[in-house]
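Single-structure report; data block below.
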Amino acid sequence: MASIESTQNRDVANIALGRWPIFWRGLRRFSRRSPLGLIAIAIILFLILMAIVGPFVAPYDPLELGAAEKFSNPGWGENLLGGDNFGRDVLSRILHGAWRSLVVGVIASVAGTLVGGILGLVSAYYGGRTDAIMQRFVDILMAFPVIILALALLTALDRSMNTLIVAIAVPFIPYGARVVRASTLVLKETQYVEAARAIGASDIRVILRHIAPGCFAPYIVVATGLVGVAIITESALGFLGLGIPPPTPTWGEMLSNALTNLLFAPYLAVTPGVFITLAVFSFSVLGDSLRDVLDPRLRGRT
């Protein structure tokens, strides 16, 4: 009995180890096709590591007054990135704000496009009146700019991290719906889907087993690309004073706080601005790179 269990464990380990060469080959192929995409992945991994480890390695409490001298310039002393107008350490606030900005951006993008993708999948598969009703709802959402709809939702809801995610996710529903709907309209006419229907497969089985996997590639491309839009939307809402309530640190709130002190301490705006730019750039480039790799119409292009 023990020998059988050890053999099974060894087989599982061999299967797991056997997947590593496939992973590295795929990564090398991706890097050859899109060097910028590889750079974007490196930046994203750095930002994720900073968001996870940052709160534990931050030199001060981000809310501690007097941790630095007011408007102290960046330097190699106790406050690497200087202090703000309340004497709070800028580096500590950047590190603590990283995970909030990234979490809001990633969850809002994934949630909004996922809900939209489900709507688009059901809408295109059933067609007819179902498609007409769902697409009119999508058209209504698409008529509003992202920032305007997010502002309207935030004014109607309490200000918190959860409501901020909802307010940013709702405007992303049409993007996921349109992309997945277009893919579903093509896939539902394929022969293997018609064959599944002919042998009596239920609608749920056809959708989940035969159509949804074919929509994954375009969905992951649009979801990844919208993470950057979500981060910059969160930053814009924080800049307008409608993000996560202060003094909780976020990159957008730090930009808003720096506006009134721009002439005295421009570095207060530069520091969070650089990290917002890096995050938006990396996710946007990654989305474009994934599109170039996963879209069969673009695979033959250099």
Inter-probe distance in nm under a simple model that places probes 7 Å from Cα toward Cβ, at I140 and E69: 5.8
Mean separation of Cα contacts under 8 Å, 6 or more apart, over the residue count of the chain: relative contact order %: 21
For segment 228-275, diffusion coefficient by Stokes-Einstein and Kirkwood Rh (Cα), 20 °C, 1.002 mPa s, µm²/s: 204
Residue-level accessible surface for M142, protein heavy atoms, 1.4 Å, Å²: 90
Alpha carbon convex hull of segment 208-302, volume per residue in cubic angstrom: 118
Descending semi-axes in Å of the chain, equivalent ellipsoid built from Cα gyration tensor: 41, 28, 17
222 nm mean residue ellipticity, helices alone, for the chain (DSSP H n ≥ 4; -39,500 (n - 2.57); rounded to 500): -24500 deg cm²/dmol
Modelled label reach - L45, point 7 Å along Cα→Cβ, segment 88-104 residues with backbone N closer than 15 Å: none
Contour minus Cα-Cα distance for A156 and E78 (0.36 nm per residue): 23.8 nm
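Quote to one decimal, in nm, the extra length available between L278 and I133 on full extension: 0.36 nm per residue of separation minus the C-alpha distance between them.
48.2 nm
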Solvent exposure, largest accessible area first (probe 1.4 Å, DNA, RNA and ligands not counted), of Y267, Y126: Y126, Y267
D (Stokes-Einstein, µm²/s), Kirkwood Cα radius, segment 88-153, 1.306 mPa s at 10 °C: 110
If the convex hull is drawn through the Cα atoms of segment 140-205, its volume per residue in Å³: 117
Over segment 82-195, relative contact order from alpha-carbon pairs under 8 Å, at least 6 apart, %: 38
Distance from segment 100-164 to segment 36-87 (C-alpha centre basis), Å: 33
D61 paired with A201, simple spin-label distance in nm, labels 7 Å along Cα-to-beta-carbon: 5.8
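The values are calculated or read from the model by the stated rules, or taken from the named source; none is laboratory data. In this text the structure is predicted, and so the values were computed from the model without any measurement. Neighbour counts run over all protein chains shown; Cβ positions are idealised from the backbone, glycine included. Ligands, DNA and RNA are stripped out before the accessible areas are found, and what is left, the full protein with its side chains, is counted by its heavy atoms. Shrake-Rupley method; radii C 1.70, N 1.55, O 1.52, S 1.80 Å.
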